[in-house]
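Accompanying notes for the structure given below.
Every read-out reported here was derived from the displayed coordinates using simple, explicitly stated rules and does not represent laboratory data. Remember, predicted model here, so these are calculated numbers, not experimental data. So basically every Cβ, Gly included, is an ideal-geometry build from the backbone, and we count neighbours across all protein chains shown.
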Amino acid sequence: MALPAPLTGGSVLVQYGRPLAEVDDTINRVKLFLLGGVLMGAGLALVAGLMTARRAMAPVAGLTSTAREIEQTRDPALRMPIPEADDEVAELARTLEDMLHALDASRNETVAALKRQREFVADASHELRTPLTSVLANLELLSETLEGERREAADSALRSSQRMRRLVADLLLLARADAAREAPHEPTDIARVVVEAASELGPVSEDHELEVDAQPAIVDGSRDELHRLVLNLMQNAVAHTPAGTHIHAAVRGEDGIVTVVVEDDGPGIPPELRDRVFERFVRGGGDRGGKSSGLGLAIVRAVAESHGGRVSVQSPTMNGDGPAHGTRFTVTLPASSMA
């Protein structure tokens, strides 16, 4: 058998093969390790960043919480939390603290001044009643003894003094209400109070038609103040409505609530005054003769609130199928526990 001739003058190529599965597995593991490392690093960085941010913003959150509490309680005496670090946030906290101290001091000064003013008005009004009573008695005597122009002058002075006495009494009642000085309360039949007020107003109600429908209802209150409340509502209707107007007063008691309603079929309250009728010294354009001091309805509200009740107004009102007209004042008071 012949052997192949040896190769001469040529190159030899040797190929070597090995399975790639192990290499691919190693590469995949490296990729997975790198991905896990990146995600873990990012997560740790996120947690660390959140913790750092929360720690850095904690003083700001404390300031915000305290400011919100002050807003809700309106108490500037609350203290702001001062951070231990001497940075911009701590400086802001100290500035806010100083501002709150100044506001608290200013509020205390204002409250004290208002208290002194209310007490002064109450005391002054009380002291004025005695000399006014003396003046009225003397003027009444002069009016009965004088004649002619002198009597007219005495009558004019008497009318002015009587108006001053009513104004002083009104100011005294409002001042006592502002100073939280409550008159002694006792069980009072508000229906009888309404009847007495109507009887007092009847002779001077001119050509108005006054009607009362009052069911017995007992409330705990000051009889004089409740009388003033009802009388002011009726006088307000007489003063601001034309002759011939029908005025109706009613008292009802139900479910522990006593309701006093005084309504009329007059022209009603002008739209621009409906939201201000219970403010002090607000006078309607329909005040015939300019006799109103603008305190009547303010007293009504003060008396109602001092007795644990409230007053509301509706104008115009609806009666039957006719057009809307008139005014209705409604006072609600808690019934007496002894009723």
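If R0 is taken as 22 Å, the Cβ-Cβ distance between A180 and F120 corresponds to a FRET efficiency of 0.90. The packing ranking, built from the mean of other Cβ atoms within 10 Å per residue, places the peptides 33-46, 184-197 in the order 184-197, 33-46, highest first. Each helix, a run of at least 4 DSSP H residues, gives -39500 (n - 2.57); summed and divided by the residues of the chain, these come to -19500 deg cm²/dmol at 222 nm.
Within the shell of other residues whose beta carbon sits under 12 angstrom from the beta carbon of S156, the net charge comes to +1, with Lys and Arg scored +1 and Asp and Glu -1. What the Kirkwood sum gives for segment 186-334 is a hydrodynamic radius of 15.3 Å, with every pair of different alpha carbons counted. The residues neighbouring L32, those whose beta-carbon lies less than 14 Å from its own, together hold a net charge of 0 under the Lys/Arg +1, Asp/Glu -1 convention.
The charge dipole of segment 186-334, taken about its Cα centre with unit charges on the Cβ of Lys, Arg, Asp and Glu (plus for the first two, minus for the last two), comes to roughly 520 debye.
What's log10 of I(q)/I(0) for the chain at q = 0.06, 0.09 Å⁻¹, Debye sum over Cα points only, no solvent? These q points yield log10 I(q)/I(0) values of -0.46, -0.73.
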